[in-house]
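Remarks on the structure that follows.
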């Protein structure tokens, strides 16, 4: 289906790779996909950097963990905003230059965050850093475009596996390093990694000479029209918003349960190790890619929602039983990544403007996640862990029911 996008781009054949052969690897280079996956891991870690460090940040600023829990949702809102404004540019501007600039801005913001003296300054730095760490979403459409049709979901899954590996690293390594050296050191380390990997990724991208038609942000204006003209894209957006919101409410609040006095009373480092269960997502991603290529996206999304629905009551039981909490963590990550692989593959192939469609999809998911995590903090403060589980369950119901009614 053709997109009503107001901005189109043209890449000259001779501009595909600039310079002498061998000096600039082409998009088909073996290094391209692994580097994108690693860069995605670092980006995901930046978005969730504050979540496992909330107890340390609260102690440093003389507050309580529940009172600073909103910092986690600030990061997600910032990422959603960055996706909304920057990701559509992948259809119209030179990706190499944009990737390099955004990586440096994100690194600078993380350094400012490490030097902040209060939650207000830290929130501003986290917002800017998260908005600028959208590099992988500029490149996922390129990965999908260049992949063989029968392996497209597998290639997308490789990038998604990197994303969830970064989430695990943010919780595990962030918790361990934060406990040993303080949360500010974690922010500085993330800044260095972001700058190095962002510039390395920009270096291997193909040089593109594009002639833009329309205003710089015409792709942003085209997002509503692209969604309106593609029912499949609309369903992918809403269902992932529901799934991601349920996961986000649980995962961003987990440190409050594990490290809080009313929960398990773990140290920040011990609570961070719980994030190792998130490795289930990295294992499931390639399997989900194969299932999508074989059976289609719809069946995989239905199965993912069933897994997530089972995980919510297990999370509730996990408030008192660690075994249930561990089982729930594995199930919810498997559900999220399977749904993500299926829905993002669908979003990237349902219109003729993949960057714009991907923007709509990822913004929807992160907006759903940010809103759910913003509600989860107050829910935990008023009703404890059961309140967080209720928010997660409500998001799953809303995500599925809305699309089921629209489908009929």
Handout entry: helices (runs of 4 or more DSSP H) contained entirely in the stretch 108-199, each with at least 2 residues that are more than 22 Å from residue 76 (Cβ to Cβ)
Key = 135-146, 152-181
Problem - Failed item in (1) surrounded by 15 or more Cβ atoms within 10 Å (Cβ to Cβ); (2) at pLDDT 90 or above, with residue 323 passing the rest - result: (1)
Exercise for the section: Out of the residues in the stretch 265-276 that are surrounded by fewer than 21 Cβ atoms within 10 Å (Cβ to Cβ) and part of a helix (DSSP H, G or I), state the one that is modelled with the highest pLDDT. Expected result: 276
Exercise for the section: Inspect the stretch 134-142 for any residue being touching a residue at least 12 places away in the same chain (Cβ under 8 Å) and either farther than 27 Å from residue 345 by Cα or in contact with a strand residue (DSSP E or B) (Cβ under 8 Å, 6 or more places away or on another chain) (or both) and give the result as yes or no. Expected result: no
Handout entry: Flag if residue 171 is at pLDDT below 80 and under 21 Å from residue 279 (Cα atoms)
Key = yes
Handout entry: Test: residue 309 is at pLDDT 90 or above, in contact with a helix residue (DSSP H, G or I) (Cβ under 7 Å, 6 or more places away or on another chain), in a helix (DSSP H, G or I) and surrounded by fewer than 19 Cβ atoms within 10 Å (Cβ to Cβ)
Key = yes
Completion exercise
Residue hits (the stretch 287-304; closer than 19 Å to residue 162 by Cα and crowded, with 18+ Cβ neighbours inside 10 Å) are 288, 289, 291, 292
Exercise for the section: Using the structure shown, decide if residue 163 is surrounded by fewer than 18 Cβ atoms within 10 Å (Cβ to Cβ) and touching a helix residue (DSSP H, G or I) at 6+ places or on another chain (Cβ under 8 Å). Expected result: no
Practice task
Kindly indicate whether residue 402 is closer than 30 Å to residue 86 by Cβ, surrounded by 24 or more Cβ atoms within 10 Å (Cβ to Cβ) and either in contact (Cβ under 8 Å) with a residue 40 or more places away in the chain or in contact with a strand residue (DSSP E or B) (Cβ under 7 Å, 6 or more places away or on another chain) (or both).
Solution key: no
Exercise for the section: Return yes or no: is residue 178 surrounded by fewer than 21 Cβ atoms within 10 Å (Cβ to Cβ), out of contact with any strand residue (DSSP E or B) (no Cβ under 6 Å at 6 or more places or on another chain) and modelled with pLDDT of 85 or more? Expected result: no
Exercise for the section: Tell me, yes or no, whether the stretch 231-250 has at least one residue that is over 20 Å from the mean Cα position of the chain (by Cα), surrounded by fewer than 18 Cβ atoms within 10 Å (Cβ to Cβ) and modelled with pLDDT under 95. Expected result: yes
Fill in the blank from the handout: Within the stretch 363-376, restricting to residues that are at pLDDT 85 or above and buried (at least 24 other Cβ atoms within 10 Å of the Cβ), the one that is nearest to residue 231 (Cα to Cα) is 364
Exercise for the section: Might you let me know whether the stretch 98-113 holds any residue that is modelled with pLDDT under 80 and under 19 Å from residue 200 (Cα atoms)? Expected result: no
Exercise for the section: Tell me, yes or no, whether the stretch 114-131 has at least one residue that is buried (at least 24 other Cβ atoms within 10 Å of the Cβ) and under 14 Å from the mean Cα position of the chain (by Cα). Expected result: yes
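The values are calculated or read from the model by the stated rules, or taken from the named source; none is laboratory data. Here the structure is a predicted model, which means the values were calculated and not measured. Neighbour counts are summed over all protein chains in view; Cβ atoms, including those assigned to glycine, are modelled from backbone coordinates with ideal geometry.
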